[in-house]
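The values are calculated or read from the model by the stated rules, or taken from the named source; none is laboratory data. It should be emphasised that the depicted structure is a prediction, and the values quoted were computed from it without experimental measurement. Cβ placement follows ideal geometry from the backbone for every residue including glycine, while neighbour counts extend to all protein chains displayed. Note: accessible area is taken over every heavy atom of the protein model, side chains too, but ligands, DNA and RNA are not part of it. Shrake-Rupley method; radii C 1.70, N 1.55, O 1.52, S 1.80 Å.
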Amino acid sequence: MTRPTVVLVDYGAGNIRSLRAALERAGAAVTVSSDRRVVERAPRLMVPGQGAAGAAMDALRAGGLDDAVRRAVAEGAYLLGVCVGLQLLFERSAEDDVTCLGLLPGRVERLEGVALLPHMGWNDVDPVPGRPHPVAAELPAVAYFAHSFAVRDAGAATLATTEVDGVRFASMVAGDRIAGAQFHPERSAAAGAAMLRGFLRWSADVEARGAA
Amino acid sequence: MLRRRVIPCLDVSAGRVVKGVNFVNLRDCGDPVEAAVRYAAQGADEIAWLNITAGDEGWRTLLAAVERAAEQVDVPVTVGGGVSEERHVRDLLAAGADKVSINTAALRRPELVTECAERHGAQCIVVAIDARADDGPTGSWTAYESGGRRATDRDAVAWAEEAVRRGAGELLVTSMDADGTKAGYALDLLGAVVERVSVPVVASGGAAGPEHMADALEAGCAAALAASIFHDGTFTVEEVKATCRTRGIPVR
């Protein structure tokens, strides 16, 4: 069986190397690319993220990668956004007050009310009851977070939430072929690796459909 | 619930893990990537990696080793030591570091913290502070630069506040008085910093065992860092966590 292909969208975010290594450990064949033609034809995309949403969206737009990602998704590609990569899936971010990709309804807000920001470290990932989803078949019980902004209300896309100082936010989201993790699966030990394998399994039909 | 973190620290010189007492008398403690993988497997919540060699060649060696570590380790890795410009931060993040710590360069040019935080996000910018208690009964500390070799004219706690104002997303606070003594962390210094800032504080310097690490976490630190107790094999990360659980401190 051939290894599932993932195109890791390289727009200058810092955690490319660790995500690539984690995806490879999970069994994927990874292409790191900043070429919009490669991105728009990808069967599976991963949008990484570190740093500020505004800078990330600027970098995506500068290379025409925002449209390439939207086109890939419209053509049937599966997409996983990690950390700021999850935030970019939504309509707008209060960080730098920037318009994002708009693939999922909702807004990114600063985690007001949390005593220490950034929210940094290992925290619980609580599944939303009655909302099973194949990408979250192996959700980490505890995962590593490092962020100050998050989506407080992701509506029906919310698969799991995380709470800190009484503030709850969406830590795992998914729509039709689009998923996002606010935590870092590549830095969440064995539990994070299991989630990445879950993403590859969920998207296994993409090769069968010949979208690649 | 957000867990408190236990962080083994690798002091790396010329590609080898070393540990000294009061910043001198370094001894060899093995390959840093092997050590990082071993600690991650033991349940380390993060790995701290402090480069203590200078120069361009030392820098290239460091980047190559960080790349290997980032690929093999599946928990966060924080790298610092010799970071004097924004491009160093960029290099280390590109090599796979999750966070970068800045010490001397931040003291000499505090705007560097802001520049790095704006470009890369506060969550990956750590300001490391080496502090020594002032003489007399004042309960104050002075920040030191250059690996603890030179005093600055800055009060360590005031500097901690300024570093956070300038964009630091975390502080790594080392007591030079306590470092290497195995007499426990400087809880008075840590408490003074924790009280004044709204970012996570990592305790460093002085741990002889799990009880000391639990003490720092109980004092409000988000994480406790230690080197020699792990390198010497005196304690495992899991033993530290077991002690924390017994004392009701939430750990992974």
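Just a few scattered comments:
- Mean separation of Cα pairs under 8 Å and 6 or more residues apart, divided by the residue count, gives chain B a relative contact order of 19 percent.
- Computed over protein heavy atoms with a 1.4 Å probe, the carbon and sulfur contribution to the accessible area of the protein assembly as shown reaches 49%.
- Estimated dipole of the protein assembly as shown in Debye, rounded to 20 [Cβ of Lys and Arg +1, of Asp and Glu -1, Cα centre]: 1120
- For segment A:192-202, Karplus couplings with θ = phi - 60° (6.51, -1.76, 1.60), whole Hz, Gly/Pro x: x, 4, 4, 5, 5, 5, x, 5, 5, 5, 4
- Principal axis extents of the C-alpha atoms in the protein assembly as shown (largest first, rounded to whole Å): 72, 46, 40.
- Solvent-accessible area lost on pairing A with B (1.4 Å probe, both sides summed) amounts to about 2500 Å².
- In segment A:27-75, the residues whose accessible area drops by at least 30 square angstrom when the other protein chains are added to the isolated chain are A:Q50, A:G51; the probe is 1.4 Å and only protein heavy atoms count.
- Projecting the Cα atoms of B:L172, B:G248, B:H231 onto the charge dipole of chain B, computed from C-beta unit charges around the Cα centre, puts B:G248 farthest toward the positive end.
- Fraction of beta bridges assigned by DSSP in segment B:127-240 that are antiparallel (%, nearest 5): 40
- Close amide H contacts of A:W122 (hydrogens built in the peptide plane, cut-off under 5 Å, sequence separation of 5 or more or a different chain): A:F145, B:R3.
- Buried on assembly, segment B:101-147 (at least 40 Å² less accessible surface than by itself, 1.4 Å probe): B:Q123
- Per residue, the convex hull volume that the Cα atoms of segment A:5-208 enclose (Å³): 99
- A:H133 exposes around 40 Å² of accessible area when a 1.4 Å probe is run over every protein chain in place.
- Mean ellipticity per residue at 222 nm, deg cm²/dmol - from DSSP H runs of n ≥ 4 across chain A, formula -39500 (n - 2.57): -7500 deg cm²/dmol
- Whole-number percent relative contact order across chain A, with pairs defined as alpha carbons under 8 Å at least 6 apart: 21
- Ranking of B:M1, A:M195 by solvent-accessible surface, largest first: B:M1, A:M195 (1.4 Å probe, protein heavy atoms only, all chains present).
- Beta bridges by DSSP in the protein assembly as shown, antiparallel share as percent, to the nearest 5: 45
- Couplings for segment A:100-108, taken from phi via the Karplus curve 6.51 cos²θ - 1.76 cosθ + 1.60 with θ = phi - 60°, read 9, 6, x, 7, 10, x, x, 10, 9 Hz in order; Gly and Pro are left as x.
- Among the trypsin sites (Lys or Arg not before Pro) within segment A:61-139, not one is in coil by DSSP while having at most 11 neighbouring Cβ atoms inside 10 Å.
- Helix-only CD estimate at 222 nm, as mean residue ellipticity for chain B, using -39500 (n - 2.57) per DSSP H run (n ≥ 4): -11000 deg cm²/dmol
- Protein heavy-atom accessible surface, 1.4 Å probe, per residue over the protein assembly as shown: 37 Å².
- Cα centre as origin, Lys/Arg/Asp/Glu Cβ charges: segment A:5-208 dipole, Debye: 440
- For segment B:1-125, the share of DSSP beta bridges that are antiparallel, to the nearest 5, is 35%.
- Note on chain B: with charges restricted to the Cβ of Lys and Arg (+1) and Asp and Glu (-1), its dipole about the Cα centre is near 260 debye.
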